[in-house]
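Undergrad: Below is one structure. I have some questions about it.
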Amino acid sequence: MNRRVEQGHATRAALIDVATQLFAAHGYDGTAIPAVLQAAGVSRGALYHHFESKEALFEAVLVSVEARVLAKVTRSAGAAGDPLDALRRGCAAYLAMCRDPMVRQISLVDAPSVVGWQRWREIDEQHAFGLVKAAIAAISADGQVKPEQVDVMAHMVLAALLEVALLVARADEGRLAIRRGQEAFDELLTALLAPRRRS
């Protein structure tokens, strides 16, 4: 029984890995289920045992991609010396990843239309919101943000970051878009959260 469970987990993981590569390379509409089956070396029945539809497979891929992104962002933020610097580093790392075909095509281009805007935001918030909110809560402890505004401020920062990410993902000149996006977002964080000079 345990072996069967392990095989099931392995098959599911393989399907997600293969589908991630195909969705990133060809987009959701350009990826057919037979291509996933062939690349993964599994039967149609095995796929539908784990995922009831192509949309369900895509959502699992999206959750996996978001988890990978969060891991990289967390590593970048971990090198910071204070909460604001951690937020800056994490946001800069995220924007730099928006040109990666996996992040761009799956998370930013296809996700809103495939899983729907509301579900897309829910998944994004499950992975990124906690990190952003924790950083702003730490900044709030230093008096820069009122405690009752932490949750709203975290939503504002995450929404702004997503808009910049969409601009970066769709830009013609990738490196320039990343640099400008990072600079603009850094200025936004400074205006919102940096210590104010007392006159």
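Where a number appears in this text, it was derived from the coordinates with a stated rule and is not lab data. These figures come from a predicted structure and were not determined experimentally. Counting neighbours? That spans all protein chains shown, and the Cβs are built from the backbone with ideal geometry, glycine included.
Undergrad: How much length would be gained if the chain were fully extended between E125 and A13, taking 0.36 nm per residue of separation minus their Cα-Cα distance, in nm to one decimal?
TA: Using 0.36 nm per residue and subtracting the Cα-Cα distance, I get 38.0 nm.
Undergrad: Which angle from 0 to 90°, rounded to the nearest 10, does the C-alpha axis of helix 54-77 make with the longest principal axis of the chain?
TA: Rounded to the nearest ten degrees, it is 40.
Undergrad: Could I ask something else about it? Under a point-charge model restricted to the Cβ atoms of Lys and Arg (+1) and Asp and Glu (-1), what is the dipole moment magnitude of the chain relative to its Cα centre, in debye to the nearest 20?
TA: 360
Undergrad: Which entry in (i) 141; (ii) 106; (iii) 116 is this structure's computed volume of the Cα convex hull per residue in Å³?
TA: (i)
Undergrad: To continue, here is another question. Give me the net charge of V114's neighbourhood, meaning all other residues with Cβ under 10 Å from the Cβ of V114; Lys, Arg count +1, Asp, Glu -1.
TA: -2
Undergrad: Would you work out which of S107, M153, P195 lies farthest towards the positive end of the dipole of the range 101-199? Charges go on Cβ: Lys and Arg +1, Asp and Glu -1.
TA: P195
Undergrad: Another question, if that's okay. Under a cut-off of 23 Å between alpha-carbon atoms, report the lysines in cross-link reach of K146, not counting same-chain residues fewer than 8 places apart.
TA: K133
Undergrad: Let me check against my output: what whole-number percent is the relative contact order of the range 34-147, with C-alpha pairs under 8 Å and at least 6 apart?
TA: Across the range 34-147, relative contact order equals 25 percent.
Undergrad: Work out the length of the dipole vector of the range 32-144 about its Cα centre, built from +1 on the beta-carbon of each Lys and Arg and -1 on the beta-carbon of each Asp and Glu, and round it to the nearest 20 debye.
TA: In total the dipole reaches around 280 debye.
Undergrad: R0 = 22 Å: FRET efficiency of A191 with R170, Cβ-based, nearest 0.05?
TA: For A191 and R170, the calculated efficiency is 0.30.
Undergrad: Could you calculate the FRET efficiency of Q149 with W117 from 1/(1 + (r/R0)^6), where r is the beta carbon distance between them and R0 is 41 Å, rounded to 0.05?
TA: 0.95
Undergrad: How big is the equivalent ellipsoid of the range 1-85 along its three axes, where each semi-axis is √(5λ) from the Cα gyration tensor, reported in whole Å from largest to smallest?
TA: They are 31, 17, 9 Å, listed from largest to smallest.
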